[in-house]
Amino acid sequence: MNKSITQDNQNDNQISKSIRRFFTRFHLSSALKTANAYKKKGISAALIFQYLFLLIFSNRSMYMNLLIGKDSPDFAKDTVYRFMKMLQINWIRFTTVLSSRIIRDAIAPLDSADRVNVLIIDDSMFERNRSKKVELLAKVYDHAKHCYKFGFRMLTLGWSDGSTFLPVNSVLLSTENKKNRINEAKETDKRTVGYKRRMLAVKKGTIAMLELLKSAKKAGIPAKYVLFDSWFSSPSSLHAVKEIGYDVIAMVKKTPKMFFRYNSEDMPLTTIYKKNRKRRGRSRYLLSVMVDVVKEGKTIPAKVVYIRNKNKRKEYLCLISTDVSLSEEEIIRIYGKRWDIEVFFKVCKSYLNLSKECRSLSYDAMTAHTAIVFTRYMMLSLENRESNDTRSMGELFLYFSDEMSDITWIQAFQILLQMFRTLLVDQIDISDEKIDELVKAFMDAIPALLKSKLQVA
């Protein structure tokens, strides 16, 4: 009998309805077809995707499901592997279309017209330290832990209105330096999406960033500004993002190798800072100047705001905005929304098993796994926004996971033991003292460790 004993059937059904409602409300089957994820015959791609989506909430991997034969799907594991490795599926398009629908149908109608929507670019480590045969595996420097690791840079584009964050799309970046690539890409048809995906993986992060922004722009995701930190800030990046149709608010490095035109003279930000008088007192910023960002004869006016570094009081940070109409306080406030993507990375790695759930050697399978994790986060983020639950995203996930999980076998055994005792009383004419003697004899016969677990308080 393939049935599970749940802690609370009512809550379990409610959460199952929430997941089904999310799939139906935003037409995930249609989004998959838009991304070329469909089959002419056999099990539909939507059913396979739904099965992979639900794995995290059942607290079991696909391997464990198949091993114990509980909640196993109606298709074989090879069907799942073939789906994950399909070359024609455009996972960037899928997550972009899905996030666009959520924003359009569920979030935008409830936002005020003056709310500032932003796109956020950042990257995080996608570790594969224990496998050296992964396709396009690279030796990547982890800036958070200051060491080299095997894996990828997961370059991610997200959307935020200041209240809700949604991942839009991503690409797993290997490295353009062949010396740091452990394995090369497998031979694929150059006409497929899989080939283009692999070519994008070995490009510079700034070039891949522009491809993700173009996909978001094509999908009509509403945003006025693009936020990113100093790793992506350069005059060429500012010009490229401006040409796509977005203004930029970003952190800029205080390097002597990057120049901005100030008073008709090209100079680094540190020199501009020394030439001006700073604001005194408790002002949120130290200095604000107008500069020109020059690249190949083209000029963009920008505002640079020097702010205090809270971690090192004697140092300062530089923010740049290509929208010169914004006040300094507004530039600082809008850039503060960039922290939403850091929370997103933390939740995906700590609660949604990012990179841990997928052990495949295929680059396509890892890309599919990332899209599935992003979809899980979209559902949880929307649930967090629309519910009255004041708990954090991580606690909300645990709430989902706990109420969908099965009770422990110890609890199940206690229930069966109590049912057997009740059955003896109702069906057989035996005194309570005799039943107690039988139960005691049974308990004395089992191992001491198991006996302590089965003791009913």
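The values are calculated or read from the model by the stated rules, or taken from the named source; none is laboratory data. The structure presented is a predicted model; accordingly, all values stated were derived computationally and were not measured. Reconstructed Cβ throughout: ideal geometry from the backbone, glycine too, with neighbour counts over all protein chains shown. Quick note on the areas: whole protein, heavy atoms, side chains included, nothing else; ligands and nucleic acids left out. Shrake-Rupley method; radii C 1.70, N 1.55, O 1.52, S 1.80 Å.
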- Item | Theoretical FRET efficiency, 1/(1+(r/R0)^6), r = Cβ-Cβ of LYS149 and LYS257, R0 25 Å, to 0.05 | 0.35
- Message: Just want the answer: with Cβ charges of +1 for Lys and Arg and -1 for Asp and Glu, which residue in LEU269, ALA144, VAL134 is farthest toward the dipole's positive end in the chain?
- Response: LEU269
- Note on the structure: Between LYS278 and VAL324, the FRET efficiency computed from the C-beta separation at R0 = 25 Å comes out, to the nearest 0.05, as 0.75
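Expected output is a single nm value to one decimal: the length gained when fully extending between THR422 and SER236, i.e. 0.36 nm times separation in residues minus the C-alpha distance. What is it?
Value of the extension gain: 59.2 nm.
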- Message: For a protection proxy built on the mean count of beta-carbon atoms within 10 angstrom, sort 366-379, 341-354, 304-317 highest first, please.
- Response: 366-379, 341-354, 304-317
- the chain - convex hull of the alpha-carbon atoms, volume per residue in Å³: 212
- Given labels modelled 7 Å from the Cα in the Cβ direction, how far is it in nm from THR271 to GLU187? 5.4
- Note on the structure: Per its Cα gyration tensor (rounded if a/c is under 1.5, else prolate when a/b beats b/c, else oblate), region 244-322 is best filed as prolate
- Query: Mind checking the angle between helix 235-244 and the chain's longest principal axis? C-alpha axes, 0 to 90 degrees, to the nearest 10.
  - Reply: 70
- Relative to the longest principal axis of the chain, what angle (0 to 90°, nearest 10) does the C-alpha long axis of helix 91-102 take? 90
- Solvent-accessible area, 1.4 Å probe, carbon plus sulfur percent, for the chain: 51
- Message: For the chain, take the longest principal axis of its alpha carbons; what is the angle in degrees between that and the long axis of helix 45-54, to the nearest 10 within 0 to 90?
- Response: 80
- Give the Cα extents of region 123-273 along the principal axes, in whole Å, largest first. 54, 36, 33
- Message: Placing unit charges on C-beta atoms (Lys and Arg positive, Asp and Glu negative, everything else neutral), compute the dipole magnitude of the chain about its Cα centre in debye, rounded to 20.
- Response: 2760
- Query: Between ARG333 and LYS224, what length comes free when the chain is fully extended (0.36 nm per residue of separation minus the Cα-Cα distance, one decimal in nm)?
  - Reply: 37.8 nm
- Task: Would you mind getting the accessible area per residue of the chain, heavy atoms of the protein chains only, 1.4 Å probe, in Å²?
- Result: 54
- Note on the structure: So the FRET efficiency between GLU243 and VAL439, C-beta based with R0 = 56 Å and rounded to 0.05, is 0.10
- Note on the structure: For VAL343, placing the label point 7 angstrom along Cα-to-beta-carbon and taking region 312-337, residues whose amide nitrogen sits under 12 Å are 337
